[in-house]
Amino acid sequence: MFMNFSIRNRLVYLSLLLVAALVATNVLMIRQATLHKETVRQQARNIDLIVKVDAAIQTFGDLKYWLTDLAVSQLVLSDQRAQAAQDRLERQLNELSAVIVGDVGALTAQLDELAEDSRVAAKAYGEGNRLIGHAMVARGRGNILAIDTQLSQLVSRVRGATQDAALRALKRTDNDIDVAITGGVAVILAAMLLTFFVVRSIVVPLRQMVGVVGELNQGRTEVQVPDLHRGELGELARVLRRFRDNAIRREQAERSEARLVEAIDNISEGMALYDAEDRLVVCNRQHREAIRAAERRLPGRDLQKPGTRFEDVIRAAVDADLLPDARGREEAWIAERMAHHREAGQPMLQRRLDEGWCRITEYRTKDGGTLSLYSDISELMARETALAEKTAVLEATMEHMGQGIALIDKSLHVVSFNRLFLQLLDLPAEEFKPGFHLTKLFDFNAARGEDMPAYLEAQVREGVMTGALSRPHIYERTRPDGTVLEIRMTPQPDTGGIVTTYTNITARKRAELALRDSELRFRSIAQSANDAVIAADGNGQIISWNGAAQNIFGYTQDEALNMNLTALMPERYRDRHNAGLAKHAHRRQPAEFGWNLEFEGLRADGREFPIEMSLGSWQNDNKTYFTAILRDVTDRKLAERALKEKTGLLELNQIITRAAN
């Protein structure tokens, strides 16, 4: 909280708080003194009351004396003095009744009764009536005892009240002393603590400021200035913060200047800045090296120092014979170069002595100066020459390719194509020049009754490179004359364009149609054959299965097309079968088997049976396929076995007959 006030206000507030504490302490002491004064007054009243009670007791003693003397002596003087003592005692009791809570009036009545009894006793004694006199004296003694008792009680009560008041005053005094001591200590501690915080709120920031000043003097600009907002310390903090920020900006400017100089020296282009009077202000290392070549040829000329005129630099380069284009026309070339320099507009190309090329770009600054940039474009010029040569080769290659080719940019303009493209699509060369939009081709085809695919036409007319235009795409198109074109569209991610090729596949389509007809005839023959006709690929996977195969092996066509040939033979033949397939599958020419094989086949129910197989192979798309014709020879084998058995019996009969003969 103190940090929000100025130092003067902090000290003023501290003084006010200390004065307020002192005033509060004095007020408390005055209040306590006032209470003590009232207590002393009360004690004085109590003492006065005790004195009055003692006086009443003494007066009552006088009254007893004179009443007793009156009863004995019966003197008028005793009666008078007794009456005077009684009157004085009544006055005293009346005074006590005004300040003492109790039945003082009862004492007055008892005193009257005591006085009356004493006078009656004196009269009785005077008349010789001792019996009445003794009775009155005895009753008077009772009243005396009662009055003594009441006066004694009154004295005890007044003294008790006085003692209680004294004890309360003493206790209050002790409490006041404790409060005074506690309050004084609290005020002193609060004053010390408040003084500590106020002084600390001033001293600590000052020490921090001194530390910041020391850090800044040592060049440590990363030091943090305390966050103070108000008062003298806040102003001092703001000054230090501005000083630190200025130092940081100065350091950054120096570093930026050093980096800028280093960057300018390390850029690949030469750079020179001239003022409004065309005098050199600054240049980088590349430009200095170029100027140094002229200085080496012209000793004594310093062309790198600031203030050198641009025209002097140009003339020195011409005099040093560094510019081949200026030979023989030096002054004219210098005039042209100076005019271009003053215009500071379009870049210019300048040939160097080493057959290299330099591109000069100049900009006008706001203060009228000129910034000149010198770029070595020798490699670029060489690439452009090479590119022109490659472009010529590419165009020649495109013209001699057996496909129509068209290059489409990302805006769907056909930027390049070959003659075969026009021929295959039957497009007039005088109407279709490089750069036409695809919509023109679609409109031209629509006008002559050749519709393009609807999905392609919609995207082209919307100019959206999505769908089929954004991924490799192949489709076929049959022209009215029966020519079939295969059109391949290949997007180019690096340019956003499309390369389109047009291939005449009419002959291939006719061959495919003939092959399809041949396949249909083959399937018809195979399905009508009595022998099993099975075709398989190079891995032995069954790809064709006729009805006879189903009858012989017991597998349906759907089951067989998911099987390998090894499922149709016992386990003992499978390894040799797979090895034979692998051997023939890698041949480039189909194998000519030309013989029949006999071995055991395996039916679906697991039974083996003898079969005879004729095997052949053929190729398609560089893949080997096999065709096997299998015949169930179970009946033939049984007949052969029966014949063999009969022949054996016949031979045995002949042997037995010869032996018998």
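The values are calculated or read from the model by the stated rules, or taken from the named source; none is laboratory data. These numbers were taken from a predicted model, which means no experiment stands behind them. Counting neighbours? That spans all protein chains shown, and the Cβs are built from the backbone with ideal geometry, glycine included. Only protein heavy atoms, including side chains, enter the accessible area calculation; ligands, DNA and RNA are left aside. Shrake-Rupley method; radii C 1.70, N 1.55, O 1.52, S 1.80 Å.
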Scanning the stretch 329-361 residue by residue, the ones that are among the basic types (K, R) and under 15 Å from E269 (Cβ atoms) total 2
How many of the residues in the stretch 373-383 are within 48 Å of the chain's Cα centre (by Cα) and either of a type in the set (V, I, T) or part of a helix (DSSP H, G or I) (or both)? 4
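Here is a yes/no grid of residues against (1) surrounded by 13 or more Cβ atoms within 10 Å (Cβ to Cβ); (2) among the aliphatic types (A, V, I, L, M); (3) free of Cβ contacts under 8 Å to residues at least 40 places away in the same chain:
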| residue | (1), (2), (3) |
| --- | --- |
| D275 | yes, no, no |
| Q286 | yes, no, no |
| I291 | yes, yes, yes |
| E295 | yes, no, yes |
| L298 | yes, yes, yes |
| R301 | yes, no, yes |
| T308 | yes, no, yes |
What's the total number of residues in the stretch 327-347 that are at pLDDT below 85 and either among the acidic types (D, E) or surrounded by 15 or more Cβ atoms within 10 Å (Cβ to Cβ) (or both)? 2
Filter the stretch 19-39 down to the residues that are farther than 30 Å from T195 by Cβ and either within 60 Å of the chain's Cα centre (by Cα) or in contact (Cβ under 8 Å) with a residue 24 or more places away in the chain (or both) and list them by number. L35, H36, T39
Could you check, for the stretch 77-98, whether at least one of its residues is surrounded by fewer than 16 Cβ atoms within 10 Å (Cβ to Cβ), acidic (D, E), closer than 19 Å to I144 by Cα and modelled with pLDDT of 75 or more? yes
Within the stretch 559-566, is even one residue in contact with a Leu (Cβ under 7 Å, 6 or more places away or on another chain), assigned to a helix (DSSP H, G or I) and either free of Cβ contacts under 8 Å to residues at least 60 places away in the same chain or under 15 Å from T627 (Cβ atoms) (or both)? no
If you go through the stretch 396-421 one residue at a time, how many are in a helix (DSSP H, G or I) and closer than 13 Å to T500 by Cα? 3
Pick from the stretch 595-614 the residues that are free of Cβ contacts under 8 Å to residues at least 24 places away in the same chain and assigned to a strand (DSSP E or B): which of them is surrounded by the most Cβ atoms within 10 Å (Cβ to Cβ)? M613
Filtered residues of the stretch 548-572 (kept if under 21 Å from V633 (Cα atoms) and out of contact with any helix residue (DSSP H, G or I) (no Cβ under 9 Å at 6 or more places or on another chain)): N551, I552, G554, P570, E571, R572
Please go through the stretch 306-354 and pick out each residue that is in a helix (DSSP H, G or I) and among the small types (G, A, S). A316, A317, A326, A332, A335, A339
Would you mind stating whether A320 is under 52 Å from the mean Cα position of the chain (by Cα) and among the small types (G, A, S)? no
Restricting to the stretch 615-635, name every residue that is buried (at least 19 other Cβ atoms within 10 Å of the Cβ) and either acidic (D, E) or not in a strand (DSSP E or B) (or both). D632
Of the residues in the stretch 412-466, those that are open to solvent by 40 Å² or more (accessible area, probe 1.4 Å) and at pLDDT below 80 number 11
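What is the residue count in the stretch 130-142 for residues that are buried (at least 19 other Cβ atoms within 10 Å of the Cβ) and modelled with pLDDT under 75? Walk me through it before giving the result.
In the first step, residues of the stretch 130-142 are kept if they are buried (at least 19 other Cβ atoms within 10 Å of the Cβ); the result is 133, 136-137, 140.
Add one more test, that the residue is modelled with pLDDT under 75, and what stays is 133, 137, 140.
Total meeting the criteria: 3.
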Sort out which residues of the stretch 175-208 are open to solvent by 80 Å² or more (accessible area, probe 1.4 Å) and over 21 Å from T25 (Cβ atoms), and write them in order of number. R200, R207, Q208
Where a residue in the stretch 84-99 is among the charged types (D, E, K, R) and its partner, wherever it lies, is open to solvent by less than 50 Å² (accessible area, probe 1.4 Å) and at pLDDT 75 or above, with Cβ under 8 Å and at least six apart: R88/T59
Taking the stretch 560-574 and keeping only residues that are over 17 Å from E608 (Cβ atoms) and over 60 Å from the mean Cα position of the chain (by Cα), one is left with A560
If I ask for residues that are closer than 18 Å to I147 by Cα and either touching a Leu at 6+ places or on another chain (Cβ under 6 Å) or among the β-branched types (V, I, T) (or both), which ones from the stretch 113-128 would you list? S118
